[in-house]
C-alpha cells in the first residue's frame, strides 16, 4: 500500500511538471504591422531612430537610457539602450527591456532599416526575447513613406492571448501616433 502511494505521488509530480512545462515554456510568435505617412523615408527613419522620440510614439515607455556601446557611422550605426515601460492592459506591471539597435541605409539611400533585439524582463528574472525589423521606403503610389515592421517574440503558451493583445494594442497606438505626427 505504501509503495502504491509513492508511485501515485511520482506520477502526479511528473504529470504536473509536464503540464507546467507546456503551459509556461516560451514559444516564438510573429506579427507584422504597416502604415504610410506623407514625409520622406529618410526623415521618418531619423525620427524613429532617435530614442528621445520613443515616448512620443509609445506611451508605455516612462524612462530609458543609452548604454555605453554606441558605434558606427551614418550608414550603419549601432547602439544599446535600457528601456522601462508599463503594460498597456496591466499598468501596474512594469518591465525592463535590454535593447540593441542597428540602423542601416541602403547604398542608394532609398531604403532605411532599424533592426532591434530585446530581452524583456519582468520582476528582473522572468525574461523573454524578441526581435524587430522596421523598413522605411518610398511609397511610389502616393508619395511619402511606406513603413513596415515585423516582430518575432517569445511568449508563454498560457499567456499567448495577453502577449498578442498587448503587442497589437501597442503597435497600433505607435502607428497611429506616427501618422498623427506626419499629418498634413
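No lab work stands behind these numbers, since they all come straight from the coordinates. The structure presented is a predicted model; accordingly, all values stated were derived computationally and were not measured. We place every Cβ from the backbone using ideal geometry, glycine too, and count neighbours over all the protein chains shown.
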Taking 0.36 nm per residue of sequence separation and subtracting the Cα-Cα distance, how much length would be gained by fully extending the chain between residue 32 and residue 126, in nm to one decimal? 31.3 nm
Going 7 Å from the Cα of residue 49 toward and past its Cβ, which residues in the range 131-158 have a backbone nitrogen under 14 Å from where you end up? 134-137
Indicate the gyration tensor shape class of the range 28-91 (rounded, prolate or oblate), computed on the Cα atoms with a ≥ b ≥ c the square roots of the eigenvalues: a/c under 1.5 is rounded; otherwise a/b larger than b/c is prolate and the rest oblate. oblate
Could you work out which residue, out of 50, 70, 152, moves most in a Gaussian network model of the chain, that is, has the largest mean-square fluctuation with Cα springs under 10 Å? 50
In the list [x] 8, 31, 30, 15, 7, 4, 3, 1, 0; [y] 9, 32, 33, 18, 6, 1, 0; [z] 10, 41, 38, 11, 1, the entry giving P(r) over Cα pairs in 10 Å bins from 0, in percent computed from the coordinates is [x]
Principal-axis tilt of helix 160-181 within the chain, Cα atoms, nearest 10 degrees: 10
To the nearest 10 degrees, how steeply does helix 2-24 sit against the main Cα axis of the chain, on a 0 to 90 scale? 10
So what is the relative contact order of the chain, in percent, for Cα pairs below 8 Å that sit 6 or more residues apart? 27
